[in-house]
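The values are calculated or read from the model by the stated rules, or taken from the named source; none is laboratory data. The model shown is predicted, which means the values in this text are computed figures rather than measured ones. Counting neighbours? That spans all protein chains shown, and the Cβs are built from the backbone with ideal geometry, glycine included.
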């Protein structure tokens, strides 16, 4: 591409600058005119846009008042000159000429085109998106395309952009916390927390029956805090997530999370503890020399494809290491059955591995960390929630269906079978979190 430009530049230089001698750097001399041309083109486009807006406004006025200079006794409104007004253009406000219309009783009639272009929502949304993507309020103006110096621009100052971001992020948080789920059928839910400054935000991610991902809600509080977890899950349930149908709930292993899930969803919650978290917890109790062997044994158990053999292998491993490393053995035994719950459904391998860990929600939370890392001063918890909501909204734009989603019908069959067992009138109904397949 640059070779083509250089060749053209040399030709232009020979004709316009150095005549026949052919001396000089043609590529350098052609880039300056090209830059000037781009500036002129941008200016022409913006002026054309301003002219088009003026034509649309005049069309609105003609619709209300009739053609100019044409006598019409039946018209309901008349032209009332013009004034200066502000419209949103390219992430800023600019001042333009606005035609006016008044009714017979003197009231000003708004023009539909003006109301559409004067709305500040696009400007507010632009500011919010820029902040979440890492642009500072002071650097916002530099991200905008230059405009004609003849146009007066507004709403690009540090304080204005900051105010608009707060307004937009408050709206996004409110929308997230008010979203209804009545029309969605969920098969699974994942819960995890993210540390932001001195705060911890607990986030819930829902997986529908087709493998689609949905941000369910968030609350400030630690994963070790049962009250905060219960508050999050109760809010999600109150907004339409059914608690009368079994659902697979994948958590990092915190006891408070498990208790909160049980409190809100009862036996309908089929709990799967993250195998990666469990493995890390066990490794922390072992010296470096013994970790590889224990790690290999745990992986063998988790990948054996069935719950009963996995439980047997993990129990044998705990007995083996108990004398030398009682802490690691106790950690392995704690919630052991819940680490192999997903093996009881007979899922395809890829989907089984997906639900065996909290990786899907951790990937989303990783995006939140990226978006919030540039903020150094967190004033309060509300600010943390606003930023988290904005980052979650941005992350959700890239959502794809769950890895292995083709196997979701198998999970649905297993969950409905669990429902049938719970609906049985006999006292010996099966609980997937305690039964061994």
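Among the residues of the range 229-237, is any at pLDDT 95 or above and under 22 Å from residue 348 (Cα atoms)? The answer is no; no qualifying residue exists. Buried (at least 18 other Cβ atoms within 10 Å of the Cβ), closer than 25 Å to residue 166 by Cα, in contact with a strand residue (DSSP E or B) (Cβ under 6 Å, 6 or more places away or on another chain) and in contact (Cβ under 8 Å) with a residue 12 or more places away in the chain: does that describe residue 411? No; evaluated as a whole, the condition is false for this residue. Of the residues 161, 194, the single one that is in a strand (DSSP E or B) and modelled with pLDDT under 95 is 194.
To keep it simple, each residue is scored yes or no on (1) at pLDDT below 95; (2) under 35 Å from the mean Cα position of the chain (by Cα); (3) not assigned by TED's automatic domain parsing to the domain that holds residue 416.
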| position | (1), (2), (3) |
| --- | --- |
| 258 | yes, yes, no |
| 297 | no, no, no |
| 326 | no, no, no |
| 339 | no, yes, no |
| 342 | no, yes, no |
| 353 | no, yes, no |
| 367 | yes, yes, no |
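Go through the range 334-381 and give me each residue that's in a loop (DSSP other than H, G, I, E, B) and surrounded by 21 or more Cβ atoms within 10 Å (Cβ to Cβ). Quick ask: steps written out before the conclusion?
Residues of the range 334-381 that are in a loop (DSSP other than H, G, I, E, B), as a first pass: 334-335, 340, 346-348, 356-358, 373-380.
Answer for the range 334-381, where residues must be in a loop (DSSP other than H, G, I, E, B) and surrounded by 21 or more Cβ atoms within 10 Å (Cβ to Cβ): 340, 347, 356, 357, 358.
Residues checked against (1) out of contact with any helix residue (DSSP H, G or I) (no Cβ under 9 Å at 6 or more places or on another chain); (2) part of a helix (DSSP H, G or I):
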residue: 257; (1), (2): no, yes
residue: 282; (1), (2): no, yes
residue: 286; (1), (2): no, no
residue: 292; (1), (2): yes, yes
residue: 309; (1), (2): no, yes
residue: 316; (1), (2): no, yes
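So is residue 242 modelled with pLDDT under 95, surrounded by fewer than 18 Cβ atoms within 10 Å (Cβ to Cβ) and closer than 26 Å to residue 344 by Cα or not? So residue 242 passes the test.
With 210, 242 as the choices, which residue is free of Cβ contacts under 8 Å to residues at least 60 places away in the same chain and in a loop (DSSP other than H, G, I, E, B)?
Values: 210 fails: free of Cβ contacts under 8 Å to residues at least 60 places away in the same chain.
Testing whether each residue is free of Cβ contacts under 8 Å to residues at least 60 places away in the same chain and in a loop (DSSP other than H, G, I, E, B) leaves just 242.
Residues satisfying the criterion are absent from the range 373-382 (criterion: in contact with a helix residue (DSSP H, G or I) (Cβ under 6 Å, 6 or more places away or on another chain) and closer than 18 Å to residue 205 by Cα).
In the range 164-174, which residue that is at pLDDT 85 or above and either in contact with a helix residue (DSSP H, G or I) (Cβ under 8 Å, 6 or more places away or on another chain) or over 14 Å from residue 388 (Cβ atoms) (or both) is surrounded by the most Cβ atoms within 10 Å (Cβ to Cβ)? Walk me through it before giving the result.
Here is the first cut: in the range 164-174, the residues at pLDDT 85 or above are 170-174.
From the residues that got through so far, the ones that are either in contact with a helix residue (DSSP H, G or I) (Cβ under 8 Å, 6 or more places away or on another chain) or over 14 Å from residue 388 (Cβ atoms) (or both) too are 170-173.
Numbers: 170: 16, 171: 17, 172: 22, 173: 20.
Looking at residues that are at pLDDT 85 or above and either in contact with a helix residue (DSSP H, G or I) (Cβ under 8 Å, 6 or more places away or on another chain) or over 14 Å from residue 388 (Cβ atoms) (or both), I get 172.
The single condition among (1) closer than 20 Å to residue 351 by Cβ; (2) exposed (fewer than 14 other Cβ atoms within 10 Å of the Cβ) that residue 276 does not meet is (2). For the range 180-200, a residue qualifies if it is out of contact with any helix residue (DSSP H, G or I) (no Cβ under 8 Å at 6 or more places or on another chain) and more than 20 Å from residue 365 (Cα to Cα), and the qualifying residues are 180, 182, 183, 184, 185, 186.
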